[in-house]
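The values are calculated or read from the model by the stated rules, or taken from the named source; none is laboratory data. Note that the structure is predicted; figures quoted are calculated from it, not measured. Quick reminder, even Gly has a Cβ in these numbers, built from the backbone with ideal geometry, and neighbours come from all protein chains shown.
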Amino acid sequence: MNAEQKRRGNILYVDDEQGNLLAFVANFRKDYENIYTVTSAKEGIEIIRNHPIDVVLTDQQMPEMTGVQFLQAIPPEFSNILRLIVTGFSDIDAVIDAINTGKVFRFIKKPWDKNELKHYIDQALNIRELEISNRKLIEKLKKEAKENERLVNIYKKHVSDDIIKKELASTEKLLDVPDKTKSVNDEKKYHFFIIDDDDRTIELYARLLKEKGHQISSSNSAKDGLKKIFEVQPDCVLCDLTMPDLDGVDLLNCIRLKSDIKQPKFIIITGKIFDFDKRRAFQSGVDGYITKPIHSETFVKEILDILDTHMVVGFFGVRGTLPVPGPKTLRYGGNTNCVTIRIANKHFLIFDAGTGIKGLSDSLLSENNFPMKAKIFITHPHYDHINGIPFFVPLYMKGNHFDIYGTRHGELSIEALLNNQMENVYFPVTMKEFIAGKSFHDLTEETIKLDDLRIQTIFLNHPGRCIGYRIDYQKKSFCYVTDNELYLENSPHFLQHDVDRLIDFIQDADLLLIDTTYSDEEYLKKVGWGHSCVSRVVDVADKANVKLLGLYHHDLYQYDDDIDQKLKFAQTLLEKRNSKTKCIAPAEGSSIIL
Ligand SMILES: [Zn+2]
Ligand SMILES: [Zn+2]
């Protein structure tokens, strides 16, 4: 391997045993640009003062100073350096305290394993790089803000106060997106049952959970724990994966066999980082999988996030075909299709990338919660569903990762379809500039499982290939069905079989967002255009026992009042049918919790 293949980064390793330092250098000199090793904390501080160190790795047990004390002695002006500590199990309490005070990024158990250690060093370097690029971004945003302020001042000189007030009010409404970083059930209290063969681990989890007001029962044996779980019937079991008497997944299977108890949620907490173990656990139906080391400050939040099964649906663009900004579209918004789903901090899904995705991009930048991971689901490559993609800033940020799903058009994969709209005659930036991690997935009609999410697709009735999505999570379901034409029942194209297939697909959905581009009158002039009218949408939603029907993908010639009319008409039809289905027309900037 030559020097250019080494990763950039300055790493300092402090250990009083020369042998460990030599082993470290032998293992990693080909991977990282600069490695500094010293045998004392004092020399370590000297190196930090004289070299731009990114990551410090230290042994905990050293004669003059412990690793934790050394890390605390690093002068505050170097607070950005990421800190890793290598330790034996006997020091674990001291190290957890250090993690609590926010000084240590990760601790690594002795003797270290090369791959595990490399994984954590890489993670630390990623964070450093991200910090640096974020700092640059903030500088840029500050400059832009100054420029904007200048423009606003010029604007104020020439425009009356009344108009400014009115505009600000409408902007505030659009930006009024709820704080999605907070779990919906932050306040709820649970009864947890902890099973771990190590008493100190139980003690630690119990302390953290009790501090937040939760009730705890526990056992250090899986078999004994199983009996007690049947007796106390907790809300949630936190269980180690490998225990001497019974494996965590087997224990879960035993609980699930007993049908006459309240079934608890089940979360594995383990040091096993292998995908195989995680997959096996999810296949067996665990609700969550947490990898050690745990972090005291985020541990309880991580667990509550797993127990939080709410889907928060955010609307960033509800228009079809063409963006229509202006005074007549202020209430429902003028941007084209883009909707998100967040499930606590576990899942972030984006549906379509019309011009609405620019608002989503702004909202993510203001949250500044990077690096981020998300799944983007594209229905089809018509402009109104993809042309916001080049303006989605998180794609230009290293460290983020996006899985992008869609369907092929003949020879063209979803990657090629998105790429082509950014060919240089149409747009000055190409997809090569997206430095975030990306994986593209071509879908057909199928069902896929992604950890605890079930995703189903269906081909829709629209020019070219277009797919609808159904997402099931725990007992919640969301269907995204646009663009799609439902023929009138007296149409020569009407096929009961197609309608039944769609009804089956959307059956019992908590929320169905469906193409309702036209009013019934408008539709008569638009037969064969690939979009539906209100009465047909109401019919399938009611027959499928959908709980909440969302009218979506509005026509470019409809203004806010026209959408009000469509909504009123849909609600009247549902009332006449004595339907249990409720109907809404979601507005851009709003969100609902399922
Ligand atoms: Zn469309
Ligand atoms: Zn379309």
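If you go through the stretch 273-289 one residue at a time, how many are within 22 Å of Lys114 (Cα to Cα) and either surrounded by fewer than 16 Cβ atoms within 10 Å (Cβ to Cβ) or among the aliphatic types (A, V, I, L, M) (or both)?
Of all residues in the stretch 273-289, those within 22 Å of Lys114 (Cα to Cα) come to 273-278.
Filter again for either surrounded by fewer than 16 Cβ atoms within 10 Å (Cβ to Cβ) or among the aliphatic types (A, V, I, L, M) (or both), leaving 273-276.
The total comes to 4.
So which residues in the stretch 445-456 are under 16 Å from Ile350 (Cβ atoms) and either in contact with a Phe, Trp or Tyr (Cβ under 6 Å, 6 or more places away or on another chain) or within 12 Å of ligand 2 (Cβ to nearest atom) (or both), if there are any at all? I'd like the intermediate steps shown before the answer.
Taking the stretch 445-456 as the starting set, the residues that turn out to be under 16 Å from Ile350 (Cβ atoms) are 450, 453, 455.
The one that is under 16 Å from Ile350 (Cβ atoms) and either in contact with a Phe, Trp or Tyr (Cβ under 6 Å, 6 or more places away or on another chain) or within 12 Å of ligand 2 (Cβ to nearest atom) (or both): Leu453.
Yes or no, residue by residue, for (1) within 16 Å of ligand 1 (Cβ to nearest atom); (2) acidic (Asp, Glu); (3) closer than 25 Å to Cys479 by Cβ:
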| position | (1), (2), (3) |
| --- | --- |
| Gly317 | yes, no, yes |
| Pro327 | no, no, no |
| Val339 | yes, no, yes |
| Ile343 | no, no, yes |
| Gly354 | yes, no, yes |
| Leu365 | no, no, no |
| Pro371 | no, no, no |
| Ala374 | no, no, yes |
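Looking at the stretch 578-592, is at least one residue among the small types (Gly, Ala, Ser) and touching a Ser or Thr at 6+ places or on another chain (Cβ under 6 Å)? No, every residue in the stretch 578-592 fails to be among the small types (Gly, Ala, Ser) and touching a Ser or Thr at 6+ places or on another chain (Cβ under 6 Å). Annotation: Thr430 fulfils all but one of (1) more than 24 Å from the chain's Cα centre (by Cα); (2) away from ligand 2 (no atom under 16 Å from the Cβ); (3) at pLDDT 95 or above; the unmet one is (3). For His462, the conditions (1) away from ligand 1 (no atom under 16 Å from the Cβ); (2) surrounded by fewer than 23 Cβ atoms within 10 Å (Cβ to Cβ) all hold with the exception of (1).
Here's the yes/no breakdown for (1) surrounded by fewer than 23 Cβ atoms within 10 Å (Cβ to Cβ); (2) farther than 30 Å from Tyr205 by Cα; (3) at pLDDT below 95:
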site	(1), (2), (3)
Pro293	yes, no, yes
Lys301	yes, no, yes
His310	yes, no, yes
Pro323	yes, yes, no
Lys375	yes, yes, no
Met397	yes, yes, yes
Asp403	yes, yes, no
Gly406	no, yes, no
His409	yes, yes, yes
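Taken together, Cys479, Cys466 contain a single residue that is among the hydrophobic types (A, V, I, L, M, F, W, C) and over 23 Å from the mean Cα position of the chain (by Cα), which is Cys466.
If you take the residues of the stretch 112-121 that are touching a helix residue (DSSP H, G or I) at 6+ places or on another chain (Cβ under 9 Å) and not charged (D, E, K, R), which of them is modelled with the lowest pLDDT? Even if it seems obvious, please write down each step before you answer.
So in the stretch 112-121, the residues touching a helix residue (DSSP H, G or I) at 6+ places or on another chain (Cβ under 9 Å) come out as 112, 114, 117-118, 121.
Add one more test, that the residue is not charged (D, E, K, R), and what stays is 112, 117, 121.
Details: Trp112: 80, Leu117: 86, Ile121: 89.
Across the stretch 112-121, the extreme among qualifying residues is Trp112.
Restricted to the stretch 355-388, and to residues there that are of a type in the set (A, V, I, L, M) and free of Cβ contacts under 8 Å to residues at least 40 places away in the same chain, the residue that is farthest from ligand 2 (Cβ to nearest atom) is Met372.
Residues of the stretch 558-587 that are over 20 Å from Asp542 (Cβ atoms) and in contact with a Cys (Cβ under 8 Å, 6 or more places away or on another chain): none at all. When we screen Lys223, Lys262, Lys227 for residues that are at pLDDT 85 or above and within 23 Å of Tyr473 (Cα to Cα), the only hit is Lys262. For the stretch 1-52, a residue qualifies if it is surrounded by fewer than 15 Cβ atoms within 10 Å (Cβ to Cβ), farther than 20 Å from Pro111 by Cα and polar (S, T, N, Q), and the qualifying residues are Asn2, Gln5, Asn50. In the stretch 413-427, the residues that are surrounded by fewer than 13 Cβ atoms within 10 Å (Cβ to Cβ) form Cβ pairs under 7 Å with partners that are part of a loop (DSSP other than H, G, I, E, B) and among the polar types (S, T, N, Q), at six or more places apart or across chains, as follows: Asn424/Thr430.
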